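The values are calculated or read from the model by the stated rules, or taken from the named source; none is laboratory data. Values in this document were obtained by computation on a predicted structure and should not be read as measured data. Neighbour counts are summed over all protein chains in view; Cβ atoms, including those assigned to glycine, are modelled from backbone coordinates with ideal geometry. Heavy atoms of the whole protein, side chains included, go into the accessibility calculation; ligands, DNA and RNA do not. Shrake-Rupley method; radii C 1.70, N 1.55, O 1.52, S 1.80 Å.
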Amino acid sequence: GQLQISFSAAPPPPTVDVTVAQLGTFNAKTGVATLHGTYTCADADFIDIFGDVAQPVGRVATVRGFFEVFDEGTCDGSSHSWTAAVTPENGKFAGGKALTVAFSFACGVFECTDGFVEQTVRLTGGRRG
């Protein structure tokens with residue numbers, strides 16, 4: 001028999017860039033904070049953005065919470081918005097500054113890539129409901 005082989009160039013490695021907006025909101029009744037930002041990724045099948053939020057309360061205590069945003073089919077090189085609710089593990093988020101550390105992870109056919117952003121966010125609002 002006759003063997004036929006063909007080779008194709010591998011797709012480019014994925015790229016990812018994530019931002020966290022400097023302003024977020026909080027709900028005074030529930031203590032849940034809402035963060036938002038943008039992401040741009042290319043040559044990936046999905047993006048996973050996850051991170052933690054820490055807000056000092058007084059001199060000793062810190063309220064902490066975590067968030068995750070997962071999206072697929074949007075790594076087309078365009079900028080996309082994301083929003084995440086951050087439920088506190090202890091206490092309630094309130095108005096003021098909170099440190100946010102966010103990681104991103106995007107994978108294509110053969111490779112994955114990651115990103116990192118650290119942002120101080122001012123939480124505003126205090127809406128009840």
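When T87, T62, T100, T113 are checked against the criterion of being of a type outside the set (D, E), in contact (Cβ under 8 Å) with a residue 40 or more places away in the chain and more than 17 Å from H36 (Cα to Cα), T113 stands alone in meeting it. Considering the stretch 37-47, the residues that are assigned to a strand (DSSP E or B) and open to solvent by 40 Å² or more (accessible area, probe 1.4 Å) include one that is nearest to E89 (Cα to Cα), namely T38. Among the candidates T25, T34, T30, the residue that is part of a strand (DSSP E or B) and open to solvent by 60 Å² or more (accessible area, probe 1.4 Å) is uniquely T25.
Sort out which residues of the stretch 82-116 are open to solvent by 30 Å² or more (accessible area, probe 1.4 Å) and in a strand (DSSP E or B), and write them in order of number.
Residues satisfying the conditions are T83, A85, T87, K97, L99, F103, F105, C112, T113, D114, F116.
Residues in the stretch 8-22 that are open to solvent by 60 Å² or more (accessible area, probe 1.4 Å), at pLDDT 95 or above and assigned to a loop (DSSP other than H, G, I, E, B): Q22 alone.
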